[in-house]
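Report on one structure; see the data block that follows.
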Ligand SMILES: Cc1cc2nc3c(=O)[nH]c(=O)nc-3n(C[C@H](O)[C@H](O)[C@H](O)COP(=O)(O)OP(=O)(O)OC[C@H]3O[C@@H](n4cnc5c(N)ncnc54)[C@H](O)[C@@H]3O)c2cc1C
């Protein structure tokens, strides 16, 4: 196939897409603002190994990952700690991100041209069609397709014309701001045996989470404090101090990270494509809203996008063809993620004592937490409903609210899955409004 594709950003979803499209015969150029060795985080994050098989990429060398430990969830009032025992086949791998990036880059580089330290400042458009990108130094480069994989705060997305109905800026509540550091284990303090991976939900009653994880292979402590929208220095200091008091293993020396970072924690963007343009990965908000995990969904979405382009229905870079990618993504995972955002929003806005009750009384069971950990939704069976009603009988109004929420989530998922099969502007706009309505937005 002929055609020139520009990919903006060079983290994992971009690299897999570059490989797939380059192999398909397209002329692929990747522009990344960072130096090659600085792309991605200097730490490990979690992803299920099945992703590699799903997109047809062999597993990287086992030296770059280890199995993730099981979470223990601390309730908002610290009244209970629930440890989960994840099913073996669902256990994630903690993967060294820069080594994963090296692995994917080495596969992709024979099929694409890479330009590092080359920031893009926006897209070029002719009417509603994207025709290329503008580099930071003013150079204009034309392309048949621009794929924007430049993250949640993409400058390409924000430079699009409003008429495209693609959300340009993020809304309040869309982003999670976190401090992440790997520190030494305090000398003389023994490593935890049972609760190695502790997550603090609504830590100190705030809208966010904190965690303290003992990393056995490196004997370091992985600490995170995160809040929705903003993490003020004073709130970070208070939360970090509280974490240290509860986890004396947290030492004084930062050995990796120690930086502020941003993760989108919202439903996928309601419009992912235009003529000559597609959004992928965090720039399309493809993370699982409850967890902020976006590596797997981005890589799988890159495979879907490549298939849609390489086996087109009509003109490959037209909105009509590219739209098939959005439909597949929504039905495979995006619809579910939009339901997960509703659950997350509810948990964050509910009073802490109510959320604490759900954990402390066991209404939120180990099984519920196990499914939540892998980005799935809690499913109520008649038996589990009776069990929850018995455990939560002291807070029946709360239980009723929770079951009504679960019904609204089911409805949202159905709306999202009912995205029109083919691109028709009027029908799409109608769907877009319905999809966004539960979140109080138009697009
Ligand atoms: C603390 C933390 C923990 C996380 N844990 C996990 C986890 O356990 N599992 C998981 O799956 N995910 C996790 N994530 C989320 C994960 O990092 C993202 O979902 C994922 O990296 C998104 O990948 P992406 O390919 O969309 O690109 P991004 O990671 O968003 O990278 C975008 C790239 O574009 C480049 N870029 C940006 N602007 C420009 C520009 N103007 N011109 C050129 N280049 C540009 C950037 O330099 C960057 O390299 C975590 C994130 C954080 C912050």
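Every number here is computed from the coordinates shown, using simple stated rules; none is lab data. Remember, it's a predicted structure, so these values are computed and weren't measured experimentally. Here the Cβ positions follow ideal geometry from the backbone for every residue, glycine too, while neighbour counts run over all protein chains shown.
Taking the square roots of five times each eigenvalue of the Cα gyration tensor of the stretch 137-226, the equivalent ellipsoid has semi-axes of 41, 18, 10 Å, listed largest first. Using the alpha-carbon atoms, what tilt in degrees (0 to 90, nearest 10) does helix 425-437 show relative to the longest principal axis of the chain? That helix lies at roughly 20 degrees to the long axis. When peptides 72-81, 150-159 are ranked by their average number of other Cβ atoms within 10 Å per residue, the highest-first order is 150-159, 72-81.
The mean of 1/r over all distinct Cα pairs in the stretch 278-366, once inverted, gives the Kirkwood hydrodynamic radius of 15.0 Å.
Take 19-32, 160-173 and order them by the average number of nearby Cβ atoms within 10 Å per residue, most first; the result is 19-32, 160-173. Percent of C-alpha pairs per 10 Å bin in the stretch 25-139, short distances first: 11, 27, 27, 19, 12, 3.
Using equal-weight Cα scatterers in the Debye expression, the normalised intensity of the stretch 186-294 in log10 at q = 0.17, 0.22, 0.23, 0.24 Å⁻¹ is -0.88, -1.24, -1.30, -1.37. Just to confirm the number: angle between the C-alpha axis of helix 97-108 and the first principal axis of the chain, 0 to 90 degrees, nearest 10? That works out to roughly 20 degrees.
Expressed as a fraction of 2.2 N^0.38 Å, the rule-of-thumb size for a compact globular protein of N residues, what is the C-alpha radius of gyration of the chain? Write out the running numbers ahead of the final one.
Working: Rg = 22.1 Å, N = 443, 2.2 N^0.38 = 22.3 Å.
Its radius of gyration relative to the 2.2 N^0.38 Å reference: 0.99.
If both residues of a DSSP beta bridge must be in the chain, then about 70% of such bridges are antiparallel.
Relative to the longest principal axis of the Cα atoms of the chain, the long axis of helix 233-246 lies at roughly 50 degrees.
For the peptides 299-305, 258-264, what is the packing order when you average, over each peptide's residues, the other Cβ atoms within 10 Å and list the highest mean first? Kindly include the intermediate steps, with their values, before the conclusion.
Values: 299-305: 24.7, 258-264: 16.7.
Top of the packing list down: 299-305, 258-264.
Based solely on its DSSP helices, what 222 nm [θ] is calculated for the chain when runs of n ≥ 4 H residues each add -39,500 (n - 2.57) and the sum is averaged over all residues, nearest 500 deg cm²/dmol? Don't skip to the answer; put the middle values down first.
Details: 13 runs with 152 residues, N = 443.
Estimated from H runs of four or more residues: -10500 deg cm²/dmol.
Ordering 111, 323 from the fewest to the most neighbouring beta carbons within 10 Å gives 111, 323.
Normalising by the residue count of the stretch 1-46, find the relative contact order in percent from Cα pairs under 8 Å and 6+ residues apart.
On the way: 45 pairs, mean separation 20.8, N = 46.
Rounded, it is 45 percent for the stretch 1-46.
Fewest-first ordering of 225, 133 by other beta carbons within 10 Å of each residue's beta carbon gives 133, 225.
Of the residues 88, 241, the one with the fewest other Cβ atoms within 10 Å heads the list, and the complete ranking is 88, 241.
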